[in-house]
Amino acid sequence: MSTTRERWYQQLTAYQWWVLIVATLGWLFDTMDQRLFVLGRSRALEELLGAQATPANVRFYGSIATAMMLIGWATGGLIFGTLGDRLGRAKTLMLTVGTYSLFTGLSGLSLSWWDFTLYRFLTGLGVGGAFAAAVTLVAEEMPDRARPHALGLLQALSAVGNITGSLVGFALLPVSLQLGLNFLPDGAVHGWRLMFGVGVLPALLVVLIMTTIREPQAWVAARQAAKEAARAGTPTTKLGSWREMWADPRWRRNTLVGVWFVLVGAVGLWAIGFWSPELIRGNVLANATKEHQDRVSAIATALQDVGAFFGILAFTWITAHIGRRKAFALSFILAFLVTSGIFGLMNREWQIYIATPLLGFATLAPFGGYAIYLPELYPTRLRSTGTGFCYNVARYLTAAGVFFMGTLTVLFTSLGFTEPFRWATVSVAFIYLAGLLALPAAPETKDKPLPE
C-alpha cells in the first residue's frame, strides 16, 4: 500500500514502468514523424512542384498537405479511438504505430504533390489514433496520484521525438545523392526523401514491443460488463458508444469543452508554431543560402522542442498545484503573447536561438494538459472514444485553420503587404484568447479519481 509520503514514481511497479515506457515510445516516434514532415515539407514540394515551385505556391501547397494530414489525423483518431474501447488499448496502439510507420516511408517515394499529400493523409490516420490509445493505456494502469505525473511525462517526452526528428533533419536535409534514377525529377535522392526513410525504422520496433503489453484490468472489466449488459439488453454500458457520449449531458459537456481546448492549442501549433522553419527561411534568413537556412531551421526546431519539453513539464507541475482550469488559462495567455511577438517581430539570426525555445515552451504547454485532462473526462467504457474524439475532431477544424493561414498569406500578398506571412500568422494567434471562453464550463478534475 502506498503512503502520501511516497513520490509518484515510487508507487509504480516494474510492469507499470514498462507500460509507460512502451506507450511513450509509441507516441515519441509519432511526434518524430511530425517533425520530419515539418522540416521536409517545403523542400519536398519545391522538388515535386517543379517549375511551379514559387515561394507562394510552396507555402500554399504546403498548407494543403498539412491540412490533409490533420484531416487524416482526425479521421484516424475517430476510428482508432472507438477501436481502443472495443478492441483494446494495447492492440489499437500497435495498429496505429504500424500505420504511421508504413506511410511515413512511402512519403519519401512521392513523385508529385498530390501523392505526397495522399501519403500524409494516410500517415495522419495512424498519428491520430496513437495518442488516445497511448494516454488511455497509461491512465488506466497508473495509481490515481501518479496518473497526472505519468501522463505529463509521456507528453513531455514526446518532445524527444521532435528533437530526434530535428537532428535527423540537420544531418540529412541538406544531403543530395546523385544516383541517376530516371523516375525522380532530376535523378537525385534529396535529403527530404532520406528523412522519411529513416522515419519508418524506429517505429516498427514498437510493434514488436507491444506484444508484451496486456490490456488494463479496468478495460477487461468494462468489456465483461458490456457483454453482460448485452445479454441483459442494457445498451448504456456499450463500449465506445458515441450515442451515450452525446446523449448523457455530463459526457456531452465534457466533450464540447475538450474539443474546444484542443482546437485552440492545435490551431496555434499547426497554423503558427510549426511554421517556424518557414519564418526563418522566408523572412529572418531570406538572403542566406539554402544550406544555411536548412541548418539553422533544424537547430531552431530542436531548440523549440527543448522548450516544448519544459513547457509540458511546467504545465504538469502547475496543474498539480492550481488545478486544470487555471493552468489552461495561463497557458493560453502565454501562448498568445509569445507566438504573436515572435512571428511579428523576430528579424535577426541571434534572436532565433532565444525565441524558438520560448515558442516551443508556450505552444506545447497546453498539450501536457490534454494528456492529463482528456482521460479524466470519461468513464472506462468511453475513455478512448472520448479522448480520441476530443483530440482529433478538433483536427478537422485545425485543418481549416491551417488552410486559412495559407489563404491569408496569399491574400496579404495580393494586397501588397511587405511581409504577408507575418501578418497571417499573427492574425491566427488570436485563437489562443478564444480558449478562455470555455473555462466556465470546464469541470475541475484535480485530485479526483477517474469517473465511472
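The values are calculated or read from the model by the stated rules, or taken from the named source; none is laboratory data. Here the structure is a predicted model, which means the values were calculated and not measured. Don't worry about glycine lacking a Cβ; one is built from the backbone with ideal geometry, like all the others, and counts go over all protein chains shown. The accessibility values were calculated without ligands, DNA or RNA, using every heavy atom of the protein model including side chains. Shrake-Rupley method; radii C 1.70, N 1.55, O 1.52, S 1.80 Å.
Quick notes
- The share of accessible area on segment 1-159 that comes from carbon and sulfur is 67 percent, using a 1.4 angstrom probe.
- Of the solvent-accessible surface of segment 227-377, computed with a 1.4 Å probe over protein heavy atoms with every protein chain present, carbon and sulfur atoms account for 66 percent.
- Along segment 383-391 the Karplus relation, 6.51 cos²θ - 1.76 cosθ + 1.60 evaluated at θ = phi - 60°, assigns HN-Hα couplings of 5, 5, 4, x, 4, x, 5, 4, 5 Hz to successive residues, with x for each Gly and Pro.
- Placing a pseudo-label 7 Å from each Cα along the Cα-to-Cβ vector at Arg243 and Lys227 gives an inter-label distance of 2.2 nm.
- J(HN,Hα) series, segment 31-46, from Karplus relation 6.51 cos²θ - 1.76 cosθ + 1.60, nearest Hz, glycine and proline x: 5, 4, 4, 4, 5, 4, 5, 4, 6, x, 3, 5, 5, 4, 6, 4
- At R0 = 41 Å, FRET efficiency that the Cβ-Cβ distance of Ala441 and Ala171 yields, to 0.05: 0.30
- Accessible surface area normalised per residue over segment 29-173 is 27 Å², counting heavy atoms of protein chains with a 1.4 Å rolling probe.
- Pairs of lysines in the chain (C-alpha under 20 Å apart; 8 or more residues apart or interchain): 5
- Range in the chain, longest, excluding exposed trypsin sites (Lys or Arg not before Pro) [loop by DSSP; at most 14 other beta-carbon atoms within 10 Å]: 8-213
- The tail of the calculated P(r) for segment 313-452 beyond 21 Å holds 52 percent of all Cα-Cα pairs.
- Each residue of segment 138-143 is assigned a 3J(HN,Hα), and the resulting list reads 5, 4, 7, 8, 8, x Hz, derived from the Karplus form 6.51 cos²θ - 1.76 cosθ + 1.60 (θ = phi - 60°), x at Gly and Pro.
- CD proxy at 222 nm, helix term only [per DSSP H run n ≥ 4: -39500 (n - 2.57); per residue of the chain; nearest 500]: -25500 deg cm²/dmol
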